[in-house]
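*Asks:* Handing you a structure now.
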Amino acid sequence: MEVNHNLEQHKAKARERLLSQKGLAHRSRRAQEVEAVFGNIKGNHHFRRLLLRGLEKVEVETGLLALAHNLRKWAASRADKLKSFGRAIFQLPAALAAA
């Protein structure tokens, strides 16, 4: 039996990082962030099964799901920005009249 000392050093360094304050905070956040995305895709967009078979096709289909999810988030953030921008424009004349 042989021991790979280099591998043991890498494992110790990784363990040290994972158990640090920063590592614990990152790991606690990670589980919630990923779960929410899959929950949203499954629950809100009714996607339960992959339609295609084969690793390459599944990767493409999953990539398209992720792209659609990110586009929905982007469009929602743009809509919020446009709403607040529109309110600012309509409030501008009132502010000029008061001056």
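The values are calculated or read from the model by the stated rules, or taken from the named source; none is laboratory data. The structure displayed is predicted, hence computed values, not measured ones. A quick note on method: Cβ atoms are made from the backbone with ideal geometry, for glycine too, and the neighbour counts reach across all protein chains shown.
*Asks:* Working carefully through the options Ala75, Ala88, Ala12, find the one that is part of a helix (DSSP H, G or I), at pLDDT below 85 and of a type in the set (A, V, I, L, M, F, W, C). Break it down into steps so the answer makes sense when it comes.
*Replies:* Details: Ala75 fails: at pLDDT below 85; Ala12 fails: at pLDDT below 85.
It is Ala88.
*Asks:* Among the candidates Leu65, Leu51, which residue alone is in a loop (DSSP other than H, G, I, E, B), of a type in the set (A, V, I, L, M) and touching a helix residue (DSSP H, G or I) at 6+ places or on another chain (Cβ under 7 Å)? I'd like the intermediate steps shown before the answer.
*Replies:* Details: Leu65 fails: in a loop (DSSP other than H, G, I, E, B).
That would be Leu51, the only listed residue that is in a loop (DSSP other than H, G, I, E, B), of a type in the set (A, V, I, L, M) and touching a helix residue (DSSP H, G or I) at 6+ places or on another chain (Cβ under 7 Å).
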